[in-house]
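Below: the structure, in structure tokens.
Throughout, read-outs are computed from the coordinates displayed, never taken from laboratory work. Given the structure is predicted, the values throughout are model-derived calculations rather than measurements. All Cβ positions, even for glycine, are placed from backbone atoms using ideal geometry, and neighbour counts span all protein chains on display.
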Amino acid sequence: MTENPAAHPADAEGGPHGIALTRTFDARRELVFEAWTRPEHFGYWFGGELEVPVDRMTMDPRPGGVWSLVMQTPDGGELPFSGVYREVAPPERLEFTLKDASAPDGIEGEIVRVTLTDLGDHTEMAFRQLGGNLTAEQYHQAEAGWSGFFDRLTELLARA
């Protein structure tokens, strides 16, 4: 697995307004796609070390389908996330919205785009989160979070 953080896209004021990461996994593209769309897999890696109970997840991976989950923090707190699938093209592309409890009402949320390229026994994943709804510091924190999540995804795929 390799990681190549891309340059942050910048808005007109020069501040970052998204995340771009590229990873290569030692797994077939179909398996990587399933890890994004099956609750038992997604719940394992999304959240990193935090518990994501599968019984508190909803995933309907089709255009217009809804997804939601709750991460449980060690202090007993909860971090809910949700969104709507915008594009689902197995096994190569997935796009969905992403909101947490702090997102203002009336916004669609961040857009997450995942493009998977078949490299034979390996898969390159181009990950993009954009929307301009977060501050530069929040994007920096989110990028660190996703990077940790993708480390867990690497562990999951190694067991497949």
Q.
Using the Cα centre of the chain as the reference point, and only Cβ charges (+1 on K/R, -1 on D/E), how large is the resulting charge dipole? Debye, rounded to the nearest 20.
A. 360 debye
Q. Taking a ≥ b ≥ c as the square roots of the eigenvalues of the Cα gyration tensor of the stretch 50-118, is the shape rounded (a/c under 1.5), prolate (a/b larger than b/c) or oblate?
A. prolate
Q) Taking N as the number of residues in the chain, what is its Cα Rg relative to 2.2 N^0.38 Å? A) 1.00
Q.
Given the C-alpha atoms of the stretch 82-160, compute the convex hull and give its volume per residue in Å³.
A. 107 Å³
Q: Would you mind getting me the FRET efficiency between SER68 and THR22? Use the beta-carbon distance for r and R0 = 22 Å, nearest 0.05.
A: 0.20
Q | Dipole moment magnitude, nearest 20 debye, the stretch 12-93 about Cα centre, only Lys, Arg, Asp, Glu C-beta charged | A | 360 debye
(Q) Taking 8 Å as the Cα distance limit and 6 or more residues as the minimum spacing, I'd like the relative contact order of the chain as a percentage. (A) 26 percent
